[in-house]
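The values are calculated or read from the model by the stated rules, or taken from the named source; none is laboratory data. All values derive from a computational prediction rather than experimental measurement. Here the Cβ positions follow ideal geometry from the backbone for every residue, glycine too, while neighbour counts run over all protein chains shown. For the accessible areas, the whole protein counts, side chains as well, though only heavy atoms, and no ligand, DNA or RNA atoms are used. Shrake-Rupley method; radii C 1.70, N 1.55, O 1.52, S 1.80 Å.
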Amino acid sequence: MQLTREVRFALTAEAPHPPVTNSWGGWPASVGLAPFVLLRITVTGEVNARTGYLCNITVIDRAVRDRVIPHVHAAWQANPSGLSCSRLLGEIAGKLETEVPPGVVLSAVELRTTPYLSYRLDLEDAHMVSITQSFEFAAAHRLYCRDMTDAENQATFGKCTNPNGHGHNYTVEVTVAGEPDAGSGVVIEVGELESTVKSRVIDVFDHKHLNDDCTEFAEINPSVENITRVIWNKLEDQFAPARLARVRVYETPKTWAELTS
Ligand code: NI
């Protein structure tokens, strides 16, 4: 069984007075203009038969408030733009893994530094660190298979096969995983991840008609599944020594496809 607790907090100059709660908007609150981050702690183990709890979340909250937030704040103040989030995750894990109950292990720590960028340390996967960044592009497509009759296309794809196509705002989440560099603590520079995805994916598909403008879909139907495969192939060998770990493509907020390594 796994349990994940999210703790939200701002890196404020001075922590305001209690109450120390894991409020919806986070604590300390972001007063004025201050970085606001999310920390997700995942624990794994057997559920206590009497309480039904894996780990009391108040234990996690208290450990984060008492031991983690002061450390994150100090690390950020010491080196605001040069902070290695990969290294920080290791330090956070070190402070939390002794706090969980007997028989329960800390299995992952994830730090979300913006709504579109997150870092995750998997303690059960050889301490690999993964970085996930979201991107978007707008494109038109028509679901249509040349080897099917118009009637078959209509029966299979319905309005999605309308002759002149239709559009989506696609969201692409790219996850790259690896061992942090011993010196810098970096798995991949965020700027390198961004520029690679921009040049190889976003610039290729943004504001295009996938069927008509993009040779990638000259022979294959631009379903969200095939778009995901095409993007995977474009990125797969781009991040060595780190590796592409996951590509997830949202066609709408209700429909997405993903490939993992
Ligand atoms: Ni569509």
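Here's a check for you: in the stretch 152-192, which residue that is near the ligand (Cβ under 10 Å from one of its atoms) and in a strand (DSSP E or B) is surrounded by the most Cβ atoms within 10 Å (Cβ to Cβ)? Here the residue is Tyr170.
Looking only at the stretch 131-151, which residues are more than 16 Å from the ligand (Cβ to nearest atom) and under 26 Å from Arg243 (Cα atoms)? Passing the criteria: Ile131, Thr132, Gln133, Ser134, Phe135. Answer yes if at least one residue in the stretch 222-237 is within 16 Å of the ligand (Cβ to nearest atom), open to solvent by less than 20 Å² (accessible area, probe 1.4 Å) and assigned to a strand (DSSP E or B), and no otherwise. No, the conditions are met nowhere in the stretch 222-237. Is it the case that some residue within the stretch 86-106 is more than 16 Å from the ligand (Cβ to nearest atom) and outside the structural domain of Val37 (by TED's automatic domain parsing)? Looking through the stretch 86-106, none of the residues is more than 16 Å from the ligand (Cβ to nearest atom) and outside the structural domain of Val37 (by TED's automatic domain parsing). For the stretch 193-219, taking the residues that are open to solvent by 70 Å² or more (accessible area, probe 1.4 Å) and outside any helix (DSSP H, G or I), the one that is farthest from Tyr170 (Cα to Cα) is identified as Glu219.
Just one of the listed residues (Lys198, Lys208) is within 16 Å of the ligand (Cβ to nearest atom) and charged (D, E, K, R), and it is Lys208. Against the list (1) in contact with a Cys (Cβ under 7 Å, 6 or more places away or on another chain); (2) over 23 Å from Lys234 (Cβ atoms); (3) in contact (Cβ under 8 Å) with a residue 24 or more places away in the chain; (4) not hydroxyl-bearing (Ser, Thr, Tyr), the condition Asn153 fails is (3).
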